[in-house]
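What follows is a single structure, written as structure tokens, with notes after it.
None of the figures in this text is laboratory data; all of them are computed from the coordinates on show. Just so it is clear, the structure is predicted and the values come from calculations on it, not from any experiment. Cβ placement follows ideal geometry from the backbone for every residue including glycine, while neighbour counts extend to all protein chains displayed.
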Amino acid sequence: MKKVFTPVLTLFALAASLSAQTVTVKGSVIDAQSKAPVSCASIAIKGTSSFVTSGDDGSFSIDAPAYGTLQVTFLGYATEDVELNGNASVEVGLTPDFDGLNEIVAVGYATQRKGLLTGSTVHVDGAAITSLSPVNAIGALQSQTPGAFITQESGQPGSGYKVNIRGISTIVGDSEPLYVIDGVAGGSIDALNPADIESIEILKDAASTAIYSGRASNGVVLVTTKRGGSGRTSVSYEGFYGWQNLAKAPGLVSAKDYMKLYDQMLANEGQELTNWVEMLPEDQYAAITSGQRGGTDWFNELYKKGAATTNHTINVNGGTADHSFSVGLSYTGQDGILEADRSAGKAFERYNLRANTDNVVIRKRGLDILRIGETFNLTFSKRHGITEGEGSWNSIRNRLRANPLIPIYTPEGDFYTSASRDVLGYAFDDGSFSFANPILLDQSTPRGLNEARSLNLQGSAFIQFQPIKGLKLRSQLGAVLSAGTGSWREEEYAVNDEFFNETASNGRITGISSRISWENTLSYSLTAWKRHHFDFLVGHSLENWTLSQAFAGPTDARYAFSAIFGRFNYNYDDRYLLAVTFRTDGASNLSKGHQWAMFPSVSAGWIISNERWMKGAQNWLSFLKLRASWGKTGNSGLGALSYSTLV
């Protein structure tokens, strides 16, 4: 086999710098054929996560780089990229995308043509994800998934996202959707590099999610990673490097203004005004009142301008008609916009190794009688950052409340503390927390001296037997293994009489979890009398979950799942559609008498535009489908033995 080296380089630049020229772009989105306005279209700044949606009349307004690119998307239309080239007014014509209806999408244990779906789903292609250069794949879905409310859990680099599909469906237990990665339930999408993802499907209604039943009340997210194909071996590189800045920083008062406001407060209370000459060092008082020294801007000392974010991915793909492979290696790094210790390296780093193969072992009569394959995703990540807790355990709060009169360092280069007060002449410092040096706190305590590391392995191996055309027996063994540590340390310090530590210390918490699953499915597909198409699927699933954690003492939790499920699809002439699903689930973490439940669903669809009497409307109507669905789902995400009575 002849191998050809084909390098591909894609470089994305993030236009997030405050110094970049931006314009307010106003425009409208219309149907390129009918010229009718398109409402609710997504208009995103390519290479960022910023987006708006068009109004009822198709109009929109967005602040964008003058020479940036707008990416306009709407379901049923081809994606349109618009280069601004300094223009502040644009009209975007979207072309109907008929091919998208024939696209094959994942539906849970199987695939189906998009146009024949009877449930409510959203399909997002991997190219649409990587075009936004996200650190986390979920972040790129914010502008592309109607019905899913997505918010970032924290502003920390590398933090995950909270996803609510069609609202919050539970007041107890887990409200997150079920993530199924390459057919293995319970995986972590945060551990994947966005460049490794081929597609994402979001199952929203009960008819779509009932096949996963007992864990699907919050919706299901199906993730498919990239796989190899037949053809010559290719090597590709994809990367980006960008900068991040605050759009707007909080404005803090100067030292001179602080003195005025403090005296105003005393005057309002009828108290004697402060004699600042006696309260501050002579040279500092002169510098402040003359405007030579504005005081300490504690927040600005935390702010890291031009915080870098970068990603590098190398993919190797290739194979023959019988054997294919795909291997990917990637690195992601992100600095924090707000960092307590800039000497500690990047705030978030992630290393990914992905590999998978597909092999046809036996092929006869044009059938892949025996196939085997596996998927392997290994991720190592580490992060550190400022604290976001309450009270004094919030680094941002401490910076905003810190007194602008006191300095960061003494003339000798040491941190300013209450011990420096008398030596330097800061009599105004009363030793309270408002005079505590927040930089000293961050660089001497777990407020800034912390690190979390995690190692995650997600993988599966399958064997598939097809004795006759359309009949497939598949067995898959899956595993989700993770180990993590959180460490912190506290140095010797003395901020003031209240905040000090005489003995250095450190701590660590560790956790190990595993999910082992075994699933077996039997499916059969046939077409009878030319227009009648049937799909049958039955299966059985077993899963065991364990968690071991050590902190003050070891804790262990474990539970198991078992399920029997099935699905029947009927399609007559691509016009009349019917889908029936059932699943019986058992979960050991629930109380006795409530561990088993049945979850059925039924859905139907009528593709009106495929009727013969609708042919005359094809010049103005591309696709029209009427569907209805009903289903029942549950939520077993309550933790192990959460029903037990505490004695």
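A few comments on the model shown:
- With one equal scatterer per alpha carbon and no solvent term, the Debye-computed log10 I(q)/I(0) for region 495-647 at 0.09 1/Å reads -0.57.
- Straight-distance crosslink candidates among lysines, where the alpha carbon sits under 28 Å from Lys35 and sequence neighbours closer than 8 are dropped: Lys26, Lys46, Lys114, Lys615, Lys625
- Sites Asn300 and Ala560 - FRET efficiency at Förster radius 41 Å, r taken between beta-carbons, to 0.05: 0.15
- Sum of -39500 (n - 2.57) over DSSP H runs of 4+, divided by residues of the chain (222 nm, nearest 500): -2500 deg cm²/dmol
- As a calculated quantity, the FRET efficiency between Asn501 and Lys248 at R0 = 60 Å, using C-beta atoms, amounts to about 0.95.
- In this structure the amide hydrogen of Gly68, modeled in the peptide plane, comes within under 5 Å of the amide hydrogens of Leu84, Asn85, Gly86, none closer than 5 places in sequence on its chain.
- In straight-distance terms, cross-link reach from Lys305 covers every one of the lysines whose alpha-carbon lies under 19 Å from its own, apart from those fewer than eight places away in the same chain; here that gives Lys248, Lys346.
- Here the chain carries DSSP beta bridges of which approximately 95% are antiparallel, counting only pairs with both residues inside.
- Per-residue 3J(HN,Hα) values for region 623-632, derived from phi via the Karplus relation 6.51 cos²θ - 1.76 cosθ + 1.60 with θ = phi - 60°, read 7, 9, 9, 10, 9, 9, 8, 8, x, 10 Hz in sequence order (x marks Gly and Pro).
- Rh by Kirkwood over Cα pairs, then Stokes-Einstein D for region 224-343 at 1.002 mPa s and 20 °C, µm²/s: 107
- Whole-number D in µm² s⁻¹ for region 204-256, Kirkwood Cα-pair radius fed into Stokes-Einstein, 37 °C, 0.692 mPa s: 183
- Across region 90-226, Cα-Cα distances exceeding 24 Å account for 28% of all pairs.
- Those GluC sites (Glu not before Pro) in region 442-541 that DSSP places in a loop and that have at most 16 other beta carbons within 10 Å: Glu491, Glu492, Glu498, Glu502
- Segment Arg397-Met265, length gained on full extension (0.36 nm per residue, minus Cα span): 45.3 nm
- Potential lengthening between Phe623 and Ala286 on full extension [0.36 nm per residue; Cα-Cα distance subtracted]: 113.7 nm
- Here the Karplus relation 6.51 cos²θ - 1.76 cosθ + 1.60, evaluated at θ = phi - 60°, turns the backbone of region 490-498 into coupling constants of 9, 8, 6, 7, 8, 6, 7, 5, 9 Hz, with x for every Gly and Pro.
- Debye intensity ratio in log₁₀ form over the Cα atoms of region 108-148, taken at each q of 0.23 Å⁻¹: -0.86
- Rounded to the nearest Hz, the phi-derived 3J(HN,Hα) couplings of region 426-432 under the Karplus curve 6.51 cos²θ - 1.76 cosθ + 1.60 (θ = phi - 60°) are 8, 5, 5, 5, 8, x, 7, where x marks glycine and proline.
- The mean of 1/r over all distinct Cα pairs in the chain, once inverted, gives the Kirkwood hydrodynamic radius of 28.6 Å.
- In the chain, the longest principal axis of the Cα atoms and the axis of helix 255-268 are about 80 degrees apart.
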